[in-house]
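What follows is a short report on a single structure.
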Amino acid sequence: MSRVGMMPINIPAVVSVDIGKDVATIKGPKGELEVTMLPEINVKQDGDNLIVSRKDDEPESRGRHGLIRTLINNAVVGVSEGFSKVLEVEGVGFKVSLSGNKLILNLGYSHPHEVTLPEGVEAQVEGNMITISGYDKQLIGQIAANIRSLRPPEPYKGKGIRYQGEHIIRKAGKAAGVATK
C-alpha cells in the first residue's frame with residue numbers, strides 16, 4: 001500500500017472541491033487549480049476530507065496513487081495558503097529590481113536579464129533576496145529554477161543565484177594546489 005496515497009486530504013472551510021470524471025477543480029481565496037485525474041485512481045469526498053484510492057494493484061496504479069494524492073494536496077494547500085521560494089543573489093555588482101511584473105537582474109553580463117512573471121505569480125525584492133510566491137507549487141518551483149539558471153552559484157567564490165539555505169561546496173582553487181616539480 002502507498003503510505004502517501006492512503007493519507008486523507010483535509011479540506012479547509014475556504015476551499016471548494018469539484019471532482020469530475022477527468023479533472024478535479026479546486027477553488028480557494030488565492031485562485032483556482034485543476035488536477036487531471038487518471039482512470040485507475042478514484043477520489044471521493046468524505047465530509048471535509050478527500051480519500052484517494054486505486055482500482056487495482058497493478059504496478060502502474062500503485063505508482064500513480066501517491067502522485068495524484070500529492071498533486072491534489074498541493075492544489076488544496078496552494079489555493080488556501082500559497083507557496084513561496086526565496087532566492088539569494090550574491091556577487092559584487094549583482095543587482096535585482098522589480099518593475100511591474102518583470103524582474104530585472106544585472107548579473108555581471110553585458111546586458112540585464114528580464115524575467116516576466118506569469119499571472120498568479122508575485123515577486124518581492126529586498127536587497128539581495130528575491131521571494132517568488134503564488135498558489136501553483138509547480139509553477140513557483142519552475143520560475144525559481146529558471147531564475148537560478150541565469151547565474152548558478154560557482155564553486156570558487158560562491159557568486160551567483162542560490163536558493164535560501166542551499167549549501168554550495170567550495171573548491172580550493174589553483175593557489176591551494178600541490179606544487180609540482
Pairing a residue in the stretch 97-117 that is within 21 Å of residue 140 (Cβ to Cβ) and free of Cβ contacts under 8 Å to residues at least 40 places away in the same chain with any residue that is outside any strand (DSSP E or B) and open to solvent by less than 50 Å² (accessible area, probe 1.4 Å), where Cβ atoms lie under 8 Å and the two sit 6 or more apart in sequence or on different chains, gives 101/117; 102/117; 113/107; 113/150; 115/143; 115/147; 115/150; 117/143
Does at least one position in the stretch 100-109 carry a residue that is on the phi < 0 side of the Ramachandran plot, open to solvent by 50 Å² or more (accessible area, probe 1.4 Å) and touching an Asp or Glu at 6+ places or on another chain (Cβ under 9 Å)? yes
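Residue by residue, here is whether (1) out of contact with any Ser or Thr (no Cβ under 6 Å at 6 or more places or on another chain); (2) farther than 29 Å from residue 165 by Cβ; (3) not acidic (Asp, Glu) holds:
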| site | (1), (2), (3) |
| --- | --- |
| 21 | yes, yes, yes |
| 24 | yes, yes, yes |
| 43 | yes, yes, yes |
| 49 | yes, yes, yes |
| 54 | no, yes, yes |
| 96 | yes, no, yes |
Within the stretch 56-110, can you find the residues that are in contact with a strand residue (DSSP E or B) (Cβ under 7 Å, 6 or more places away or on another chain), among the polar types (S, T, N, Q) and over 17 Å from residue 43 (Cβ atoms)? 84, 97, 101, 106
Give me a count of the residues in the stretch 110-128 that are open to solvent by 50 Å² or more (accessible area, probe 1.4 Å) and under 22 Å from residue 160 (Cβ atoms). 9
Unmet requirement for residue 89, which otherwise passes all of (1) outside any strand (DSSP E or B); (2) surrounded by 13 or more Cβ atoms within 10 Å (Cβ to Cβ); (3) of a type outside the set (S, T, N, Q); (4) at pLDDT 90 or above: (1)
Taking only pairs six or more apart or across chains, which ones have beta-carbon atoms under 6 Å, a first residue in the stretch 61-75 that is in contact (Cβ under 8 Å) with a residue 12 or more places away in the chain, and a second residue that is of a type outside the set (A, V, I, L, M, F, W, C) and assigned to a helix (DSSP H, G or I)? 65/5; 66/5; 69/5; 74/137
If you scan the stretch 75-85, which residues turn out to be buried (at least 17 other Cβ atoms within 10 Å of the Cβ) and assigned to a strand (DSSP E or B)? 83, 85
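The values are calculated or read from the model by the stated rules, or taken from the named source; none is laboratory data. What you see is a predicted model, and the numbers here were worked out from it, not measured in a lab. Quick reminder, even Gly has a Cβ in these numbers, built from the backbone with ideal geometry, and neighbours come from all protein chains shown. Only protein heavy atoms, including side chains, enter the accessible area calculation; ligands, DNA and RNA are left aside. Shrake-Rupley method; radii C 1.70, N 1.55, O 1.52, S 1.80 Å.
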